[in-house]
1. Please give the helix 5-24 orientation as an angle from the longest Cα principal axis of the chain, in degrees from 0 to 90, rounded to the nearest 10.
2. If you add up the charges near Ser48, with Lys and Arg at +1 and Asp and Glu at -1, over every other residue whose beta carbon is less than 10 angstrom from its beta carbon, what do you get?
3. Do the sum for the chain: with -39,500 (n - 2.57) for every DSSP H run of n ≥ 4, divided by all residues, what is the mean residue ellipticity at 222 nm, to the nearest 500 deg cm²/dmol?
4. Suppose every Lys and Arg Cβ carries +1 and every Asp and Glu Cβ carries -1, with no other charges. What dipole size does the chain come out with about its Cα centre, to the nearest 20 debye?
5. Please identify every one of the trypsin sites (Lys or Arg not before Pro) in region 38-130 that sits in a loop by DSSP and has no more than 14 other beta carbons within 10 Å of its own beta carbon.
6. Rounded, prolate or oblate: which one fits region 122-187, using the alpha carbon gyration tensor with axes a ≥ b ≥ c (rounded when a/c is under 1.5, else prolate when a/b beats b/c, else oblate)?
7. Between Asp83, Asp67, Asp124, find the one with the highest GNM mean-square fluctuation for the chain; connect C-alpha pairs within less than 10 Å.
8. Pull out the extension gain between Glu184 and Val170, defined as 0.36 nm times the separation in residues minus the alpha carbon to alpha carbon distance; nm, one decimal.
Amino acid sequence: MHATDDERTDAMARATWSDYRSSIGDRTPIYRAISDLWPVQRVLYPGSYVDAAPSRVFPHVTYVDTDARAAAYFADEAAVLTDIEADGAEVEARFLQSDYSAPLGLPERDFDLLISLYAGPFWDNCRRYLRPGGLLLANASHGEASLAALDPALTLVGVVPDASGRLRLVTSGLDRFLIPKKPELATDAHIRGTGRGVAYTTPAFAYVFRFDG
């Protein structure tokens, strides 16, 4: 008996979560550290692929990606609940197969945390969904954190210094971060034109910004 295309897609999607977590590492410690410091309940994660780690910590997470494998993975609610080690009683893991640059049909100013890890610069498109006082977790891979550093509506409140080993969040000594090695390159036009983040004198894996807008 041969597996159907749908069965093969589902099997691949379930396997992808395990493989993806092995390749990127488990980011749960970052989310737990954020949860310990700020009252985060509702999370928006554009460009999530199958990284379900936020649902291990936060009760309401909306994942957004165009990838069909991500859609297949999140459609299997039982598999997701098993992966995040939850019984589903207080967990809402919602998935939107959508391009985050288009309207998502979500309430504005409704989320406590936006996650941008290797997703590209989505802040311009998704800032409408973050409540004032909410948080943006971003890295500089595709320029998101570097663009955030230039936005006067965002204030740096935490840094994840290193992606290797034990992930940790620091909230003191932040003035040593986000200092460009070449200040002349830390411009909106350059970052968007190259699609890359700025090189900083003290590098970090990710940054947490508070939205003061």
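1. 40 degrees
2. Values: positive: none; negative: Asp51, Asp65, Asp67.
Result for the local shell: -3.
3. Computed ellipticity for the chain at 222 nm equals -8500 deg cm²/dmol.
4. Values: 21 positive and 29 negative charges, 185 e Å.
Once rounded to the nearest 20, the dipole reads 880 debye.
5. On the way: sites: Arg42, Arg56, Arg69, Arg94, Arg109, Arg127, Arg128; in loops: Arg109.
Filter output for region 38-130: Arg109.
6. Oblate shape, in that a/c is at least 1.5 and b/c is the bigger or equal ratio.
7. With Cα springs under 10 Å in the chain, the top fluctuation among Asp83, Asp67, Asp124 is at Asp124.
8. Full-extension gain reported as 2.3 nm.
A short reminder: the numbers here are calculations on the coordinates, not readings from a lab. Computed from a prediction, not measured in an experiment: that's the story for all the values here. Note that we place each Cβ from the backbone using ideal geometry, even for glycine, and neighbour counts take in every protein chain shown.
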